[in-house]
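Asks: So that we are looking at the same thing, I have put the structure below in structure tokens.
Read the figures in this text as sums done on the coordinates, not as results from a lab. Computed from a prediction, not measured in an experiment: that's the story for all the values here. Counting neighbours? That spans all protein chains shown, and the Cβs are built from the backbone with ideal geometry, glycine included.
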Amino acid sequence: MRYALYFTPPAHDPLTLAAAQWLGRSAYSGEAMEPPEICNLGLHEIAYHTALPRRCGFHATLKAPFRLAPDITEQMLLRHLMRFAGAHDPFELPPLEVARLGNYFGLVPALPCERMRFLACAVVQEFDVFRAPLSEGELERADPGDLSAPQFSNLHRWGNPHVMEEYRFHMTLTGPMTPAEMPRFETALRAHFNPYLLRPLEIANIALFVENEPGAPFHVHSLHPMGRVSARKIA
């Protein structure tokens, strides 16, 4: 079993529902969703190019999937996550936009957000004691041979190359595709998601996702609200 610390909006947030429809699966219920009907894209094309993010569920990574260290239990992780989330105030992320991320698409903030990077760095550091070290095989799979020196160092220190100064908030929407395929998908993604991206995104929880066995889909185990209970009641 592997765990991951992610951000994802609440189950009934309109962006969550739009993403579940696009990806073809809800990370909350695990139920399959009917893909949207979009001009110039077949349903089979959408299903094929969303296979990878569909398994992972709609999310932005804070701490990448990890196995628990030998002396750590799920209850220990949950208790610490509850305390950690409560000690960090919620905040707003600038509105998201559809963007090309190399050879795939995702949602990214229109403007940089230092509070988001600070939160992600804090999660990586705080929960590293809960993580079992990567095996040699996992290290090899995580290093495609083109990592920068800081990314290589991050992989061996934190189990993920894209943390600390290398961190970039993104919510993946497709798997890799060819340059010829990208213009049609970009048009379709903007048409589907833009109505849900008009306002800042509230970062108000940390989500625990779980992969029950290798290759199984990740699902939301629990959401942990950020901020003190008294402050949330006042808000």
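Asks: Could you check the stretch 137-177 and list, in sequence order, the residues that are closer than 28 Å to Arg25 by Cα and among the acidic types (Asp, Glu)?
Replies: Correct list: Glu138 only.
Asks: Can you pull out the residues in the stretch 1-12 that are part of a loop (DSSP other than H, G, I, E, B) and either under 19 Å from Phe169 (Cα atoms) or without any contact (Cβ under 8 Å) to a residue 60 or more places away in the chain (or both)?
Replies: Once the filter is applied, which keeps residues that are part of a loop (DSSP other than H, G, I, E, B) and either under 19 Å from Phe169 (Cα atoms) or without any contact (Cβ under 8 Å) to a residue 60 or more places away in the chain (or both), the stretch 1-12 yields Thr8, Pro9, Pro10, His12.
Asks: Sticking with this one: I need a count of the residues in the stretch 26-59 that are surrounded by 14 or more Cβ atoms within 10 Å (Cβ to Cβ), farther than 13 Å from Thr172 by Cα and either among the acidic types (Asp, Glu) or touching a Gly at 6+ places or on another chain (Cβ under 7 Å) (or both).
Replies: Of the residues in the stretch 26-59, the ones surrounded by 14 or more Cβ atoms within 10 Å (Cβ to Cβ) are 26-28, 33, 35-36, 38, 41, 45-46, 49-50, 53-59.
From what's left, farther than 13 Å from Thr172 by Cα: 26-28, 33, 35-36, 38, 41, 45-46.
Subset that is either among the acidic types (Asp, Glu) or touching a Gly at 6+ places or on another chain (Cβ under 7 Å) (or both): 27, 33, 35, 45.
Qualifying residue count for the region: 4.
Asks: If a residue has to be surrounded by 14 or more Cβ atoms within 10 Å (Cβ to Cβ), touching a Gly at 6+ places or on another chain (Cβ under 9 Å) and not in a helix (DSSP H, G or I) to count, how many in the stretch 133-148 make the cut?
Replies: The number of residues fulfilling the criteria is 1.
Asks: Ok, one more. From Gln125, Gln75, Gln151, which residue is assigned to a helix (DSSP H, G or I), within 30 Å of Glu181 (Cα to Cα) and of a type outside the set (Gly, Ala, Ser)?
Replies: Selected residue: Gln151, the only one of Gln125, Gln75, Gln151 that is assigned to a helix (DSSP H, G or I), within 30 Å of Glu181 (Cα to Cα) and of a type outside the set (Gly, Ala, Ser).
Asks: Another question, if that's okay. Is at least one residue of the stretch 83-91 in a strand (DSSP E or B), in contact (Cβ under 8 Å) with a residue 60 or more places away in the chain and either in contact with a helix residue (DSSP H, G or I) (Cβ under 8 Å, 6 or more places away or on another chain) or surrounded by 13 or more Cβ atoms within 10 Å (Cβ to Cβ) (or both)? Talk me through it step by step, then tell me what you get.
Replies: Taking the stretch 83-91 as the starting set, the residues that turn out to be in a strand (DSSP E or B) are 91.
Filter once more, keeping what is in contact (Cβ under 8 Å) with a residue 60 or more places away in the chain: 91.
So of that shortlist, the ones also either in contact with a helix residue (DSSP H, G or I) (Cβ under 8 Å, 6 or more places away or on another chain) or surrounded by 13 or more Cβ atoms within 10 Å (Cβ to Cβ) (or both) come out as 91.
Taking every residue of the stretch 83-91 in turn, at least one turns out to be in a strand (DSSP E or B), in contact (Cβ under 8 Å) with a residue 60 or more places away in the chain and either in contact with a helix residue (DSSP H, G or I) (Cβ under 8 Å, 6 or more places away or on another chain) or surrounded by 13 or more Cβ atoms within 10 Å (Cβ to Cβ) (or both).
Asks: Got at least one residue in the stretch 17-29 being farther than 29 Å from Pro195 by Cβ, in a strand (DSSP E or B) and among the basic types (Lys, Arg)?
Replies: Scanning the stretch 17-29 turns up no residue that is farther than 29 Å from Pro195 by Cβ, in a strand (DSSP E or B) and among the basic types (Lys, Arg).
Asks: Could you give me the residue pairs with C-beta distances under 7 Å whose first residue belongs to the stretch 13-26 and is on the phi > 0 side of the Ramachandran plot, whose second residue is surrounded by fewer than 17 Cβ atoms within 10 Å (Cβ to Cβ) and not charged (D, E, K, R) wherever it lies, and which are 6+ apart or on separate chains?
Replies: Once the first residue is on the phi > 0 side of the Ramachandran plot and sits in the stretch 13-26, its partners that are surrounded by fewer than 17 Cβ atoms within 10 Å (Cβ to Cβ) and not charged (D, E, K, R) give Gly24/Ala32; Gly24/Met33; Gly24/Ala47.
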